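The values are calculated or read from the model by the stated rules, or taken from the named source; none is laboratory data. Being a predicted model, the structure only gives us computed values, none of them experimental. Cβ: placed from backbone, ideal geometry, glycine included. Neighbour counts: every protein chain shown.
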Amino acid sequence: MQPLEQQAVNGNDLKIFSGRANIALSENICKHLGVSLAKARIEDFPDSELIFKVDEDIRGRDVFIIQPTCESVNDNVMELLIMIDCVRRASARRITAVIPYFGYARQDQKHEGRTPITAKLLSNIITTAGADRVVTMDLHAGQVQGFFDIPLDHLHAQPVFIRYFLEQNLGHLTLVSPDVGNAKVDGNFARKLGADLAIIDKRRISGAEVEACNIIGDVDGRTILIFDDIISTAATICAATSLLKERGAGKIYVGATHAVLCGPAVERLSTAPIENVVVTDTVPVTPEKSNQISNLKILSVAGLLAEAIRRIHFNLSVSSLVEYGTG
Ligand code: R5P
């Protein structure tokens, strides 16, 4: 499918604001759209409260607020809510929260008694703050879309990864899903890459530890691509890598959309037998982290998000974007 004819955006009607979670990504998105970030300030008070002030007229405008809710998750969530509230009170015509990484998405159900469903709580408060729609990417579970009663566009970084891995000419790949939950998404990815699929049976022991128990599929002597939505502590990826090596796998490549990289992740990834760790820029990776993972490659999803924003602005289909992507 060919991209729809490009239509330039009008910076007077489309206003893009950035929270502080990933300003580089917001600026890159604006560059793709040929607009500047709208004028605003965020100020911190000594007691850690903050205030957001818009420095230009946005009455009746189509407003997009870009803020992944990554670390520090709670601060970034609050900043997003305050920004939405502010632009609503400044009479924006429509407010779209662009949340490239949706923190708390993993709390999408009660895994045991007397626990919250924080992904649902977040969807409630984002809507209550005044968002009219949400754009997000590679949610931990697609069902989280249903937590919102406003339109939500769920983008996938897959086209960006597919283009990258096909360009690398790695030969015939076996795509490994590091847990059963990702198998459907990874099956689709494998088909597009012309790869075989294998699945790991994983058990989580604690927040930072998992056990890779078994592999469904043939990995002996294969070139492997492990694909996951998130690398958080890297327990999942490293347990998968060890088991794959035990079972005779050849070179191992890793792809993951959200580089959360917390706790022992950097140390684990820098010592694991992985050729390449490929992530996107939905979450900023500090130079301190990236310098320690010598084989880290960061792909940009700015073009994909910019195209989604342009289509929403012009009321064009966003779902067709997923089919060909624009990295
Ligand atoms: C879990 O189901 C997710 O898809 C990821 O595999 C998980 O959140 C990654 O976390 P960690 O890197 O801490 O194992």
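Points to keep in mind about this one:
- Restricting attention to segment 184-231, the residues being assigned to a loop (DSSP other than H, G, I, E, B) and either among the β-branched types (V, I, T) or in contact with a Cys (Cβ under 6 Å, 6 or more places away or on another chain) (or both) number 1.
Condition check ((1) surrounded by 21 or more Cβ atoms within 10 Å (Cβ to Cβ); (2) assigned to a strand (DSSP E or B)) across all residues:
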position: A97; (1), (2): yes, yes
position: F102; (1), (2): yes, no
position: A105; (1), (2): yes, no
position: D108; (1), (2): no, no
position: T115; (1), (2): no, no
position: L121; (1), (2): no, no
position: N124; (1), (2): no, no
position: T127; (1), (2): no, no
position: A131; (1), (2): yes, no
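Condition check ((1) closer than 30 Å to Q67 by Cβ; (2) of a type in the set (S, T, Y)) across all residues:
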| residue | (1), (2) |
| --- | --- |
| T223 | no, yes |
| S242 | no, yes |
| A256 | yes, no |
| I274 | no, no |
| V277 | yes, no |
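- Elements of the type helices (runs of 4 or more DSSP H) sitting completely within segment 242-327 and holding at least 2 residues that are modelled with pLDDT of 95 or more: these cover 265-271, 287-292, 302-313.
- Test result for V254, free of Cβ contacts under 8 Å to residues at least 40 places away in the same chain, closer than 16 Å to L173 by Cα and within 15 Å of the ligand (Cβ to nearest atom): yes
- When the criteria are applied in full, N76 fails the requirement of being out of contact with any Lys or Arg (no Cβ under 9 Å at 6 or more places or on another chain) and away from the ligand (no atom under 16 Å from the Cβ).
- With respect to the conditions (1) more than 16 Å from the chain's Cα centre (by Cα); (2) crowded, with 19+ Cβ neighbours inside 10 Å, S91 lacks only one, and its number is (2).
- Scanning segment 202-220 for residues that are over 18 Å from V185 (Cβ atoms) and within 14 Å of the ligand (Cβ to nearest atom) yields R203, R204, I205, S206, G207, A208, E209, V210, E211, A212.
- Only residues that are free of Cβ contacts under 8 Å to residues at least 60 places away in the same chain, surrounded by 20 or more Cβ atoms within 10 Å (Cβ to Cβ) and away from the ligand (no atom under 14 Å from the Cβ) were counted in segment 221-248, giving 2.
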